[in-house]
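Down below is the structure, laid out as structure tokens.
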Amino acid sequence: MSGVGDAPGDGEVVLRAEGVGMRFGGFAALSGVDLTVRAGERLGLIGPNGSGKSTFTNCLAGVYPGHEGAFAFRGERLGKLSPHERARRGLARTFQLPRPFRGLTVIENIRVPLAYAGRHEATETRAMACLEGVDLAGKAHRLPRELTQVELRRLELARATALDPVLLIADEAMAGLSHAEVDQILALLFRLNEAGTTIIMIEHVMRAVTEFSQRLAVLVAGRKVADGAPREVLAMPAVEEAYLGR
Amino acid sequence: MSGATLPAAAPLAAPRRMGHGAFWLASALAALALVAALRALGSEYAYFAATFVLQYVVLATAWNILGGYAGYVNFGAAAFFAAGAYTTVAVGKAFGLPLLPCIAAAALVGGALGLGTGVLTLRLRGAYFAIATLCLSVVLQTLVVNWDFVGGSRGAYVVRPREVPWPFDSYGGFLCAVMVGLAAGAVAIARTVEKSRLGLGLAALRDDEAAAEAAGVPTLRLKLVATTISGAMMAVAGAPLPYLGSYIEPNSAFGLAYGVNAIAMPLIGGTSSWAGPLVGAVLLASLQQAATVTISSAANLLIVGVVLVVFVCAAPHGIVGLFRGQR
Amino acid sequence: MDPDLALLLNGIVSGLLLGGLYAAAAAGLSVSFGMLDVVNIAHPAFMVLGAILVALLQGATGLDPLLLAALVAPGFWAMGALLYGAYHRFFERRGDEAIQGLAFFFGVMFIIEIGIVLAVGPEQHFADAAWADTTWRLGEIDLPLRMLVPAAVSLAAIGALALFLRHGFTGRAIAAVSQDREALRLLAIDPVRIKRFAFGLSLALAALAGGALAVVQPVDAASGHIFIGRVFAIVIMGGLASLGGCVLAALAFGVVENVTATFYGPSWSPAVAFGALLLVLAVRPQGLFGRAA
């Protein structure tokens with residue numbers, strides 16, 4: 001196993017996970033996961049289906065307040081903070097399947113985070129700027145059901161970025177998209193990262209993960225089995241076995 | 001929460017929309033005009049019919065704040081309504097207070113009841129909330145039936161005061177004017193909630209609570225605010241009831257008619273805006289008021305049931321939705 | 001024996017018998033609400049409809065009420081299949097089941113209730129059976145057949161249903177609907193067809209429970225109200241989709257209600273029972289006998 005997985009660069013530690021675990025009934029979906037993420041980093045979190053990636057995301061986002069271990073976000077213990085309190089502190093996540101507010105128009109979807117958690121005034125121009133960032137301004141007054149799959153993914157990202165996140169967890173934002181569409185979303189994530197957002201990408205599309213990540217962490221059966229530079233991690237026998245020897 | 005949210009509404013407003021102040025003013029003017037028109041008519045039956053219809057406007061509007069905006073179905077509207085009515089009886093009997101302070105007391109009782117129900121059940125899925133409100137209705141009715149101070153199962157008589165407040169010609173006229181005021185206030189409150197940050201948050205959690213939380217919406221707190229406002233307003237709707245009929249007993253005060261109407265009216269009118277419950281209540285309550293004169297009260301309620309089922313199947317966005325072109 | 005103790009024992013025993021009836025009333029809902037996730041609040045109204053039909057038929061034919069209940073059950077099954085068809089078409093498929101679907105069943109409940117009043121009037125109806133006036137005695141404890149037979153028949157029907165869900169092909173498919181819709185699709189089973197069948201089954205159970213109810217107590221159009229809270233309480237306490245939990249919860253519920261009625265008067269028993277449900281919802285939402293929420 002590689003070292004503690006210190007990030008490239010030596011920026012401020014944004015997120016520190018210590019011994020994070022989660023049980024459902026008797027089944028340990030996640031156990032003893034340590035992870036450190038530094039400001040501005042692009043981290044890929046990979047693993048086979050059911051390896052605990054989504055469980056980790058939900059623990060971090062505050063969906064499972066009863067998890068084991070602890071998270072510190074920008075030096076603050078998250079404890080039992082509810083999801084919205086974490087969102088307001090700059091911890092944003094997207095959902096695996098886009099979950100727009102179906103009864104609200106595209107721009108109203110963006111207004112929700114702006115009104116409740118944004119650190120700027122929730123103006124029309126600001127909402128519009130968020131939509132322009134994902135190239136949805138032209139559809140501001142449509143309903144989500146009128147959008148295509150990739151547009152829904154972009155709306156999902158826009159809603160997360162409207163929080164002005166310090167850390168964004170993109171949970172399989174590219175599943176089921178075409179080659180060109182994956183490139184669109186990747187470009188968006190790169191742009192966000194350049195603007196200073198730390199990003200954890202959870203992804204099955206390996207091309208996207210390897211292109212995007214500066215560092216890879218691998219979960220297998222709820223445990224972290226590798227954490228380090230992508231090329232080294234992918235060459236590790238344990239990782240190969242997890243992916244090929246299933 | 002709600003107090004702090006209101007200022008944020010202004011920058012959110014679309015350019016052409018009427019502001020909150022203007023809407024409140026318009027509601028007040030409409031209420032004055034209605035009172036003046038009824039006063040000109042001057043018939044006791046007109047007062048009674050108008051009061052009957054307007055109590056449903058308040059009830060349906062109140063129900064819709066939780067049921068329509070937040071998507072939590074309250075089957076126990078009758079419980080809140082009756083809680084308001086019995087607050088009037090109890091407070092009136094205990095302290096000898098007239099109607100207006102009783103209405104304020106009813107708002108407190110209904111709000112507390114709504115908050116309590118919310119605290120107990122709102123962490124659960126929507127269906128559980130609906131069932132819990134049904135149970136609340138049974139529990140409250142049992143308490144009232146066993147509470148001799150307010151008449152128990154025999155019911156209680158409420159005597160209308162002899163002296164009628166100034167500009168009104170009869171107590172019926174005064175009661176009707178109070179109801180007009182309550183209805184205008186209820187509609188204005190609903191519209192303010194709907195167009196404010198609170199309304200936006202409720203609409204978000206109605207569609208997807210987990211996504212709303214992830215977007216920073218404090219869903220539990222918002223739901224509690226909504227149950228409290230809704231509960232308080234439903235109790236207010238029931239507070240004048242004892243004076244309307246001069247007699248009140250548990251079976252009719254907790255009657256299913258209030259529960260079904262409170263749901264049917266917003267759904268028929270349309271749940272997504274303040275206009276829906278208003279339209280639905282005026283239509284359905286007028287229909288019932290007209291029908292009680294001509295056909296039996298059972299057949300009359302059957303109409304409500306059938307209209308409800310037909311509307312939820314055929315026009316899921318209600319009458320207002322039909323006019324807006326199904327968005 | 002100490003008279004208070006005898007009273008308590010009798011309260012418990014007749015509470016258990018009452019619980020058998022409640023189990024029948026709740027088992028159907030455990031199928032529709034617990035397994036199919038259809039919040040059919042009109043379930044008790046269907047039970048009352050069954051009870052009044054059985055009472056009227058019994059008056060006309062003189063046949064045994066529980067036999068009559070079994071005879072009307074297929075009609076209720078068909079009614080349930082139709083009703084689910086409408087529910088699926090208008091709400092489930094549109095994804096509108098939350099508010100609109102609840103309101104739909106609320107309206108259906110209301111129509112049944114008012115329909116009964118208009119058709120046969122608001123008065124109470126009652127079914128008589130040859131065995132109903134016999135009471136077995138075990139020492140100080142009374143076992144009235146009026147309660148015992150309906151309870152036994154109810155529990156037998158639930159047992160048969162449990163066997164069917166565990167071993168029958170369609171039964172296993174119903175159980176699968178509640179857990180994993182994808183698996184059904186892989187087996188090339190149409191989940192809508194399965195749910196239609198299962199919903200029909202839940203109403204057939206309601207008819208059976210209605211027949212039992214008509215023997216135990218006089219029934220009128222509004223008798224369903226009190227059962228709404230009761231059956232949902234039982235199904236939730238029982239852990240939604242578990243028939244065994246449902247029976248245990250029903251027995252517990254019957255005992256609590258009956259003992260309260262024995263010692264504090266019948267007008268208090270609903271408050272105690274529903275207070276219990278509110279507590280369960282607040283403290284242990286996955287039910288007393290359930291596994292997970």
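The values are calculated or read from the model by the stated rules, or taken from the named source; none is laboratory data. Predicted model only: the values in this text are computed from it and were never measured. No Cβ is skipped: glycine too gets one built from the backbone with ideal geometry, and neighbour counts run over all protein chains shown.
Assorted remarks:
- Matching residues, segment A:70-83, being farther than 16 Å from A:Leu168 by Cβ and either within 15 Å of the chain's Cα centre (by Cα) or within 10 Å of chain B (Cβ to nearest Cβ) (or both): A:Ser82
- Condition check for B:Ala290: in contact (Cβ under 8 Å) with a residue 12 or more places away in the chain, surrounded by fewer than 24 Cβ atoms within 10 Å (Cβ to Cβ) and either under 24 Å from C:Glu113 (Cα atoms) or of a type in the set (S, T, N, Q) (or both): no
- Of all residues in segment A:77-88, none that is polar (S, T, N, Q) has its Cβ atom under 6 Å from the Cβ atom of a residue that is modelled with pLDDT under 90 and buried (at least 18 other Cβ atoms within 10 Å of the Cβ), 6 or more apart or on another chain.
- Scanning segment C:100-121 for residues that are more than 15 Å from C:Ala42 (Cα to Cα) and within 8 Å of another protein chain (Cβ to nearest Cβ) returns C:Val117, C:Leu118.
- Of all the residues in segment B:123-174, those that are farther than 23 Å from B:Phe81 by Cβ and within 14 Å of another protein chain (Cβ to nearest Cβ) number 3.
- Condition met for B:Arg123 (free of Cβ contacts under 8 Å to residues at least 40 places away in the same chain and either of a type outside the set (A, V, I, L, M) or touching a Phe, Trp or Tyr at 6+ places or on another chain (Cβ under 8 Å) (or both)): no
- Subset of segment B:228-270 [in contact with a helix residue (DSSP H, G or I) (Cβ under 6 Å, 6 or more places away or on another chain) and at positive phi]: B:Gly270
- Those residues of segment B:257-297 which are in contact with a Leu (Cβ under 8 Å, 6 or more places away or on another chain) and closer than 14 Å to B:Gly76 by Cα, in sequence order: B:Ala257, B:Tyr258, B:Val260, B:Asn261, B:Ala262, B:Ile263, B:Ala264
- Applying the set (1) closer than 30 Å to B:Ala104 by Cβ; (2) of a type in the set (Val, Ile, Thr); (3) facing another protein chain (nearest Cβ under 9 Å) to B:Val306 leaves exactly one unmet item: (1).
- Any hit, segment A:189-196, residues being within 11 Å of chain B (Cβ to nearest Cβ) and part of a loop (DSSP other than H, G, I, E, B): no
- Strands (runs of 3 or more DSSP E) (entirely within segment A:7-102) containing at least 2 residues that are more than 16 Å from A:Thr197 (Cβ to Cβ) and among the β-branched types (Val, Ile, Thr): A:27-38
- Residue list for segment C:261-274, filter: within 7 Å of another protein chain (Cβ to nearest Cβ) and either surrounded by fewer than 19 Cβ atoms within 10 Å (Cβ to Cβ) or at pLDDT 75 or above (or both): C:Ser267, C:Trp268
- Qualifying position, being out of contact with any strand residue (DSSP E or B) (no Cβ under 6 Å at 6 or more places or on another chain) and either within 14 Å of another protein chain (Cβ to nearest Cβ) or at pLDDT 95 or above (or both), among B:Ala78, B:Ala90: B:Ala78
- Residue list for segment B:242-252, filter: away from chain C (no Cβ under 12 Å) and surrounded by 24 or more Cβ atoms within 10 Å (Cβ to Cβ): B:Pro242, B:Tyr243, B:Ile248
- B:Ala281 being buried (at least 21 other Cβ atoms within 10 Å of the Cβ), away from chain C (no Cβ under 14 Å) and either out of contact with any Cys (no Cβ under 8 Å at 6 or more places or on another chain) or touching a residue at least 40 places away in the same chain (Cβ under 8 Å) (or both): yes
- C:Val72 vs. criteria within 14 Å of another protein chain (Cβ to nearest Cβ), farther than 12 Å from C:Val215 by Cα and modelled with pLDDT of 85 or more: no
- Unmet requirement for B:Ser43, which otherwise passes all of (1) more than 24 Å from B:Trp274 (Cα to Cα); (2) within 14 Å of another protein chain (Cβ to nearest Cβ): (2)
- Single residue of segment B:26-45 satisfying the filter (under 17 Å from B:Ser170 (Cα atoms) and in contact (Cβ under 8 Å) with a residue 60 or more places away in the chain) that is farthest from the chain's Cα centre (by Cα): B:Gly42
- Within segment C:98-132, the residues that satisfy the criterion of being more than 22 Å from the chain's Cα centre (by Cα), without any contact (Cβ under 8 Å) to a residue 60 or more places away in the chain and part of a helix (DSSP H, G or I) are C:Ala98, C:Ile99, C:Gln100, C:Leu118, C:Ala119.
- Residue check for A:Leu177: of a type outside the set (Lys, Arg) and in a helix (DSSP H, G or I): no
- Residue under evaluation C:Ala45, criteria (1) at negative phi; (2) away from chain B (no Cβ under 14 Å); (3) small (Gly, Ala, Ser), criterion not met: (2)
- Complete set of residues in segment C:1-35 that are in a loop (DSSP other than H, G, I, E, B) and either at pLDDT 85 or above or not hydrophobic (A, V, I, L, M, F, W, C) (or both): C:Asp2
- Test: B:Gly199 is within 14 Å of another protein chain (Cβ to nearest Cβ) and touching a Gly at 6+ places or on another chain (Cβ under 7 Å): no
- Among the residues of segment C:122-154, just one is within 14 Å of chain B (Cβ to nearest Cβ) and either modelled with pLDDT under 85 or crowded, with 16+ Cβ neighbours inside 10 Å (or both), namely C:Pro122.
- In segment A:179-196, the residues that are at positive phi never reach a residue that is in a helix (DSSP H, G or I) and modelled with pLDDT under 90 with C-beta atoms less than 8 angstrom apart, at least six apart or across chains.
- Among the residues listed as A:Ile199, A:Ile185, the single one being more than 11 Å from chain B (Cβ to nearest Cβ), in contact with a Lys or Arg (Cβ under 7 Å, 6 or more places away or on another chain) and part of a helix (DSSP H, G or I): A:Ile185
- For segment B:11-39, the set of residues classified as under 30 Å from A:Thr105 (Cα atoms), modelled with pLDDT of 80 or more and surrounded by fewer than 12 Cβ atoms within 10 Å (Cβ to Cβ) consists of B:Gly21, B:Ala22, listed by residue number.
- Residue match in segment A:60-73 (condition: touching a strand residue (DSSP E or B) at 6+ places or on another chain (Cβ under 6 Å) and over 23 Å from A:Phe24 (Cβ atoms)): yes
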